[in-house]
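Colleague: Below is a structure I'd like to ask you about.
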Amino acid sequence: MSTDHPGLAARLDAVSSVAASLQSTGLALADPDLAGELRELAADLAASGLVSGAERLVALSERLNAVARETGPDRRGAARATYDAMQAVATWLRTWRAALALEVARERLGGAPPVPLPPPARAPLESRTVSVLGVEESGSRVRFHAADTNTGEHVVLEEPRPPGVVLALDRPFPSQLLQADVPLRTLLDATLSVGGLPAGRKRGRVEIHPSFSRAAQLRKRRLVPPLGRAAQRGLANMDLVARSGPDGWTLETTDGEVLDIAVDQGLALDLVKRSADEPAPRLSAVVVRTSDATLLLRLEEADGPSWPWLDPTTHRWPAELEARLVRHGEATETVPDSPWLEIAARAEAMPAPEGLAFLEAHVALLRTQIEKGDPVPSGHVLSSVGRMLARLRGEPPGAPPIAALELPVGRLRLAAAAPIARFLAGSGDARAAADGLLLAVASGVAGDLFER
Amino acid sequence: MALDPPAGWERAPAALDRIDDALFRLAEEGLERAGEARLAELAALAQTAHHARLVHLERELQALGTVLRRYVDRDPTFRPAEAGAISNRIWLLVAKGREALARPSGVGELQDALGVLRRRYEPVAGTLRVEALGASGWVSDTGFVGITAYLAAAEGEVLQASVARPVTLIGPNPARLLYQPLSEVMPVTMFDLAHGAWMLDDVRRSADGRLSLHSQLAAAPAAPTGAARYARHLVDHAAAIVERLGEGELDPLGGRASALVYLQPARLQAVVHNEVRARVSAEVVDRAGAVLRVEVPVRPEHDILVENLARLAGARGPFPVGMFGRAWLAGGDVGFLPISATFDAPVPLRARGRAAVHELHLSIERLAEDKER
């Protein structure tokens, strides 16, 4: 290729201009001077060594002359040949423009070497280490509450929560901070190096966000951060007493102050288990206290920390606990839902009179347990059991199914109201609230509940 | 070797003649005399090409129709050279198609010459980990609006996953597709797919690197790897882009050769509106001082891109650590269409939920106003 770039560009522009003119006016009414112009251009191209282009332009010029000469039936054939010649010029032009652009770009951009990036002005990762204490879910975010291992300062590691992520202790959590999938259990009991990550101070605590170009690091050994006890604000170690009442479990300080801590089903089941040994279990907890609520982060146990609200093992009844409950004269069917579905299935499988007796016996047992303060099973399970009982008794359908179980109405009303109220306050989950609604409607207490 | 062309292609020779003849008549009359009748004829020709399985030609005819519509409407974004380039590609495609049909040596060769009516999506064994590099909104000359996500897969391969709807249904704003679920049964949206990493199961993909977002596709979030995902596309400076573009630029049927690159810009030059040419331009300056030109026509689908570039060029806006985009040669300059900008700390978006992200997809997501941040 010629190295005379401006000259070549000018020649290509000239060819382009003639081609554009032809395209615009059309072959039928081409400028009569165009053929001559093309010949001149071809001579110029040939003189500069662009023989391939010159040949195409000459061919196009001859075809244009032929079209001008022809007046008979061969004129269309001549015009067609001109069209092909015009497209051949367009193809040549496109190819040479691209080649020229490559050459020019190589020369224009190939010179100066890049300036090295300035060294990062960020603190090293090791400049701040934090120990994670617990996790808080809020909509599209997940916040890991942690304490600075040197100062005990409250640090929040905030991550976006991708859709579909389920926070479960033994599942991997896709962490943006660590840029790795890490089991949640590992993360919740980890010490991390987070120096130099994007950070800010908000509401008296440090908030740290994931970095695009740097990952936090898991430390091999957990460092125990210094935490105060029973502080009014921020992170604190706290001794709690759990008490069961008609509205479920509440958590209090040892001074009797009732804390606004939501007790979800997982924690409630854990407390029921603990209450087999002592009616009001005592817990050593790490909490975050704000002006309006307290967040339970973790429970310190003799054999390590626990997070019952995330731990599916608290939802199961170990064999030795079941034996102890039986020994104490308690029933074993205190676990909501799954045992009840099994009972219903067994009743269904029996001949009708035996099935009815079997189911009525268990419903009577459940009634007693609920009167004693045990948890109320979910609305959808009670509704199923109620419908089955009505069917076995031969009662016509239509009545509220849970009403057929004759359970204590006050407890049903409270069990229905609690998840709905939590949801309306913005702290409960929608599924639990929906189940509360079902419980209210299917037990016939909805009108009473909503009037109140 | 004798070969029976698949059904539909028996109409191809006659269709090629019709298309060739129509384009010849257009050249005979000249652009000056193009009008509604010619546009209607081009639309009918596109249908003819469709029924004859001439997929490449169908697209080019639709594109020519769109360009000529701008001429007929006296749209200032009309460029005669664009019409000429498309006409030339049609001429070349007709010749290539005739040659392939006259001496067919295999279905693959015919498909290369004539196009494939529908992409074949083949199942992929096992799971596939993908990580978003960028996402861009588009409005096609063929009347569709969509978003394409560029996803890094194993061994540096870039896969594309697109959602598209007719412009007549949702208007010419691709951002409206950002928060729609990818399918009726999957809660994942294009926004989710375009931010972060995913483990996909029951994957179906085409030979040209397209992922099917079908209803059986399962997606589980995975941990993103930050800057590491761009390593294969990182170019030190603009000169390296020229080498990447290479010979592809010289293939007349290859279209405008382009490469996906990731640059670390030193600065962005102010956005300039050229009202005469109906174009908006800006410049990305690399660390060697080389300038990459950003130039887009003034059209509704580019509004968000222009707004974001103006914000990034402004002294008060956050400055990106990198820009992922498509680069090509433009008359001796390197043209660059920035797709996404990356930031070390998450930047908040002006959108519902005010999500904060490391990757700002420039044509479909707006940076939050300063006062919102």
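Colleague: Quote the accessible area belonging to A:Val166 in square angstrom, nearest 10, computed with a 1.4 Å probe and with ligands, DNA and RNA left uncounted.
Modeller: 80 Å²
Colleague: I would also like to ask the following. Can you tell which of B:Ile147, B:Ile339, B:Ile19 shows the greatest fluctuation in a Gaussian network model of chain B with Cα springs below 10 Å?
Modeller: Residue with maximal mean-square fluctuation among B:Ile147, B:Ile339, B:Ile19: B:Ile19.
Colleague: Compute the helix-to-body angle for A:379-393: its Cα long axis versus the longest principal axis of chain A, expressed 0 to 90° and rounded to tens.
Modeller: 60 degrees
Colleague: Could I ask something else about it? May I ask you to list, by number, the DSSP H helices of chain B whose Cα span along the axis is at least 24 Å and whose average Kyte-Doolittle hydropathy reaches -0.5 or more?
Modeller: Working: long enough: B:12-29 (25 Å, -0.02); B:55-72 (25 Å, 0.00); B:80-102 (33 Å, 0.34).
Answer set is B:12-29, B:55-72, B:80-102.
Colleague: So, counting K/R as plus one and D/E as minus one, what does the shell of residues with Cβ under 15 Å around B:Glu283 add up to?
Modeller: Numbers: positive: A:Arg108, B:Arg267, B:Arg279, B:Arg287, B:Arg293; negative: B:Asp286, B:Glu295, B:Asp333.
Residues near B:Glu283 contribute +2 overall.
Colleague: Determine the dipole magnitude for chain A: charges of +1 sit on the beta-carbon of Lys and Arg, -1 on that of Asp and Glu, nothing else is charged, the reference point is the Cα centre, and the result goes in debye to the nearest 20. Spell out each step's value before the answer.
Modeller: On the way: 50 positive and 57 negative charges, 168 e Å.
Using only the charged Cβ atoms, the result is roughly 800 debye.
Colleague: OK, next. Which one, A:Phe144, A:Ser127, A:Thr290, is farthest towards the positive end of the dipole of chain A when Lys and Arg carry +1 and Asp and Glu -1 on their Cβ?
Modeller: A:Ser127
Colleague: Would you mind pulling out the separation of the Cα centroids of the range A:352-420 and the range A:124-167, in Å?
Modeller: Cα centroid of the range A:352-420 versus Cα centroid of the range A:124-167: 43 Å apart.
Colleague: Cut-off 10 angstrom, C-alpha nodes, Gaussian network model of chain B. Which of B:Val116, B:Val67, B:Val276 fluctuates the most?
Modeller: B:Val276
Colleague: Å³ per residue of the Cα convex hull, for the protein assembly as shown? Walk me through the numbers before you get to the answer.
Modeller: Values: hull volume 192.2 nm³, N = 825.
In the protein assembly as shown, the Cα hull volume divided by residue count equals 233 Å³.
Colleague: Need one number: % antiparallel among DSSP beta bridges in the protein assembly as shown, to the nearest 5.
Modeller: On the way: 117 of 127 bridges.
That works out to approximately 90 percent antiparallel.
Colleague: Where does chain B land on the Kirkwood hydrodynamic radius, alpha-carbon pairs, in angstrom? If you can, show how the numbers build up before the last one.
Modeller: Working: mean 1/r = 0.0446 Å⁻¹.
About 22.4 Å, per the Kirkwood formula over Cα pairs.
Colleague: How many angstrom separate the Cα center of the range B:255-322 from the Cα center of the range B:63-84?
Modeller: About 24 Å separates the Cα centre of the range B:255-322 from the one of the range B:63-84.
Colleague: If you take the accessible area of B alone, add that of A alone, and subtract the area of the pair, what total do you get in Å², probe 1.4 Å, to the nearest 100? Intermediate values should be presented prior to the final figure.
Modeller: Details: alone 18310 and 24350 Å², together 38040 Å².
For chain B against chain A, roughly 4600 Å² becomes buried.
Colleague: Please list, in order along the range A:236-250, the HN-Hα scalar couplings obtained from phi with the Karplus expression 6.51 cos²θ - 1.76 cosθ + 1.60 (θ = phi - 60°), rounded to whole Hz, x for Gly and Pro.
Modeller: 7, 7, 8, 8, 10, 10, 9, 10, 9, x, x, 9, x, 8, 10
Colleague: Can I ask one more? Evaluated at 37 °C with a viscosity of 0.692 mPa s, what Stokes-Einstein diffusion coefficient in µm²/s does the range A:44-83 have when Rh comes from the Kirkwood expression over alpha-carbon pairs?
Modeller: Values: Rh = 10.8 Å.
My calculation gives 304 µm²/s for D.
Colleague: Let me ask another. If you put +1 on each Lys and Arg Cβ and -1 on each Asp and Glu Cβ, how big is the dipole of chain B around its Cα centre, in Debye rounded to 20? Walk me through the numbers before you get to the answer.
Modeller: Details: 43 positive and 47 negative charges, 144 e Å.
Roughly 700 debye for chain B.
Colleague: Would you please give the residues with an amide H less than 5 Å from that of B:Arg267, counting only those at least 5 places away or on a separate chain, with H modeled from the backbone geometry?
Modeller: Those lying under 5 Å, H to H, from B:Arg267 are B:Val285.
Colleague: Once Rh for chain A is found with the Kirkwood sum over Cα pairs, what is the Stokes-Einstein diffusion coefficient at 20 °C and 1.002 mPa s, in µm²/s?
Modeller: 73 µm²/s
Colleague: Relative to the longest principal axis of chain A, what angle (0 to 90°, nearest 10) does the C-alpha long axis of helix A:5-25 take?
Modeller: 90 degrees
Colleague: Further question on the same structure: Which residue, B:Val347, B:Ala37, B:Leu360, has the largest displacement toward the positive end of the dipole of chain B when charges sit on each Cβ (Lys, Arg +1; Asp, Glu -1)?
Modeller: My answer, from the dipole projection, is B:Val347.
Colleague: Leaving out ligands and nucleic acids, note down the accessible area per residue over chain B with a 1.4 angstrom probe, in whole Å².
Modeller: Values: 16040 Å² over 373 residues.
Using a 1.4 Å probe on heavy atoms only, each residue of chain B averages 43 Å².
Colleague: Next up: Quick check for me: using +1 on Lys/Arg Cβ and -1 on Asp/Glu Cβ, what's the dipole size of the protein assembly as shown about its Cα centre, in debye to the nearest 20? Don't jump to the answer; show the numbers that get you there.
Modeller: Working: 93 positive and 104 negative charges, 175 e Å.
For this selection, approximately 840 debye.
Colleague: Right, something else. Please give the residues from the range A:166-192 for which the solvent-accessible area of heavy atoms, probe 1.4 Å, is smaller by at least 50 Å² with all protein chains in place than with the chain isolated.
Modeller: Residues of the range A:166-192 that lose at least 50 Å² of accessible area once the other chains are added: A:Gln176, A:Gln179.
Colleague: List the residues, sorted by chain then number, that are 5 or more residues from A:Arg141 or on another chain and whose placed amide H is less than 5 Å from its amide H.
Modeller: A:Arg161
Colleague: Angle between the Cα long axis of helix A:409-424 and the longest principal axis of chain A, 0 to 90 degrees, nearest 10?
Modeller: 30 degrees
Colleague: Looking at B:Val107, B:Val94, B:Phe144, which one has the Cα that reaches farthest to the positive end of the dipole of the range B:75-146 (charges on Cβ: Lys, Arg +1; Asp, Glu -1)?
Modeller: Of the options given, the answer is B:Val107.
Colleague: Then there is this: Could you pull out every residue, at least 5 positions away or on a different chain, whose amide H is within less than 5 Å of the one on A:Asp181? Hs are placed 1.01 Å off N in the peptide plane, and Pro or chain starts have none.
Modeller: A:Ser175, B:Ala223
Colleague: To continue, here is another question. If you project the alpha carbons of the range B:1-132 onto the principal axes, what extent comes out on each, in Å, largest first?
Modeller: 54, 45, 21
Colleague: Given a 1.4 Å probe, how much area per residue of the range A:147-270 is accessible, in Å²?
Modeller: On the way: 5700 Å² over 124 residues.
Per residue, the range A:147-270 has 46 Å² of solvent-accessible surface.
The values are calculated or read from the model by the stated rules, or taken from the named source; none is laboratory data. Since the model is a prediction, treat every value here as computed from it, not as a measurement. In this analysis, Cβ positions are derived from the backbone assuming ideal geometry, glycine residues included, and neighbour counts consider all displayed protein chains. The area values use the complete protein model at the heavy-atom level, side chains included, leaving out ligands, DNA and RNA. Shrake-Rupley method; radii C 1.70, N 1.55, O 1.52, S 1.80 Å.
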